[in-house]
Amino acid sequence: MERCIIIGAGELEEEFLSGFSWRTDDFIICADGGLRHAQRAGIRPDLLIGDQDSFAEGFPQEIPALICQPEKDDSDMMLAVKEGISRGYKEFILLGATGGRFDHTLANLQTIAYGLEQDVFITIADQYNLISMLREDTVFLPKMDGCYLSVFSYTPNCEGVTLTGVKYPLKDAKLTNWFPLGLSNEILAQNAQITVEKGTLVIVISKDRPR
């Protein structure tokens, strides 16, 4: 399946970006300041989107661009996701969507939830985390050495939460958005199964930063 990769202006290490598992058919959008990351990693995007507030000189003329006004309801990342949806993409990976300002990170988490409403799947990825959401569905995740699995209720409640193949299993549990019961689990089997019968779960695969 073709993917839409969106590069934002958050924290993004050049080594991670240049070594990302790129595909030849990826459609790459830079959300405003994300272009700086792409330039440093030698990546040429297919499209630029944003209000150019990170570029006093304006976007490069040789790359197609959609320029918007600074006063807008959508973040640059959300604009990029909406553009990708309009082009028919169903799978999105957001890079440079974490770190820096926490309000931007939180807005990007809400962008994943927006994707669920539009029937598209969005993942945030950085060097230490993979973040996605699951709504009233089941997903299987492979064992990844050195990584933790955490699940959180994005909606006020998640009911019928079942985790198998993990260190701390759950069966038909209820999670709330005010208590982090699902923090820091580990996948022990070759594949873990995560099910939520009602509500939206945030799923995080993470590993510690080197000290």
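The values are calculated or read from the model by the stated rules, or taken from the named source; none is laboratory data. The shown structure was predicted, so the numbers you read here are calculated from the model rather than taken from an experiment. Counting neighbours? That spans all protein chains shown, and the Cβs are built from the backbone with ideal geometry, glycine included. These area figures cover heavy atoms from the full protein model, side chains too; ligands, DNA and RNA do not enter into them. Shrake-Rupley method; radii C 1.70, N 1.55, O 1.52, S 1.80 Å.
If you go through region 106-128 and pick out every residue that is under 16 Å from residue 206 (Cβ atoms), of a type outside the set (A, V, I, L, M, F, W, C) and without any contact (Cβ under 8 Å) to a residue 60 or more places away in the chain, you end up with 1.
Could you please give the count of residues in region 1-25 that are outside any loop (DSSP other than H, G, I, E, B), surrounded by fewer than 23 Cβ atoms within 10 Å (Cβ to Cβ) and under 17 Å from the mean Cα position of the chain (by Cα)? Walk me through how you get there before you give the answer.
The first filter runs over region 1-25 and keeps only residues outside any loop (DSSP other than H, G, I, E, B), leaving 3-7, 14-18.
Among the residues that remain, those that are also surrounded by fewer than 23 Cβ atoms within 10 Å (Cβ to Cβ) are: 3, 14-18.
In the following step, the residues that additionally are under 17 Å from the mean Cα position of the chain (by Cα) were identified as 3, 16-17.
Residues meeting the conditions: 3.
Condition first: within 24 Å of residue 126 (Cβ to Cβ) and basic (Lys, Arg). Can you find one or more residues in region 171-180 that meet it? No: zero hits. Here is the figure for region 107-149: residues that are open to solvent by 50 Å² or more (accessible area, probe 1.4 Å) and touching a Leu at 6+ places or on another chain (Cβ under 8 Å) total 2. Among the conditions (1) out of contact with any strand residue (DSSP E or B) (no Cβ under 6 Å at 6 or more places or on another chain); (2) farther than 27 Å from residue 201 by Cα, the only one that residue 34 does not satisfy is (1). Annotation: of all residues in region 159-186 being among the hydrophobic types (A, V, I, L, M, F, W, C) and over 26 Å from residue 115 (Cα atoms), the one that is most open to solvent (accessible area, probe 1.4 Å) is 170. Checked against (1) without any contact (Cβ under 8 Å) to a residue 60 or more places away in the chain; (2) over 26 Å from residue 152 (Cβ atoms); (3) of a type outside the set (Ser, Thr, Tyr), residue 87 passes all but a single condition, namely (1).
Looking at this structure, is residue 197 of a type in the set (D, E, K, R), open to solvent by 20 Å² or more (accessible area, probe 1.4 Å), within 21 Å of the chain's Cα centre (by Cα) and over 28 Å from residue 14 (Cβ atoms)? Full working, then the answer.
Details: of a type in the set (D, E, K, R): yes; open to solvent by 20 Å² or more (accessible area, probe 1.4 Å): yes; within 21 Å of the chain's Cα centre (by Cα): no; over 28 Å from residue 14 (Cβ atoms): yes.
When the stated conditions are applied, residue 197 does not pass them.
Checked against (1) crowded, with 18+ Cβ neighbours inside 10 Å; (2) at pLDDT 95 or above; (3) assigned to a helix (DSSP H, G or I), residue 104 passes all but a single condition, namely (2).
Residues are listed down the side, and each one gets a yes or a no for (1) at pLDDT 85 or above; (2) open to solvent by less than 30 Å² (accessible area, probe 1.4 Å):
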site	(1), (2)
52	no, no
55	no, yes
62	yes, no
66	yes, no
77	yes, yes
82	yes, no
85	yes, no
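In the set 208, 137, 145, only one residue is among the acidic types (Asp, Glu) and without any contact (Cβ under 8 Å) to a residue 24 or more places away in the chain; that residue is 145.
Would you confirm whether any residue within region 17-30 is in contact with a Phe, Trp or Tyr (Cβ under 8 Å, 6 or more places away or on another chain) and of a type in the set (Phe, Trp, Tyr)? Yes; the residues of region 17-30 include at least one that is in contact with a Phe, Trp or Tyr (Cβ under 8 Å, 6 or more places away or on another chain) and of a type in the set (Phe, Trp, Tyr). Among residues of region 26-52 being in contact with a Lys or Arg (Cβ under 8 Å, 6 or more places away or on another chain) and part of a loop (DSSP other than H, G, I, E, B), the one that is nearest to residue 104 (Cα to Cα) is 51.
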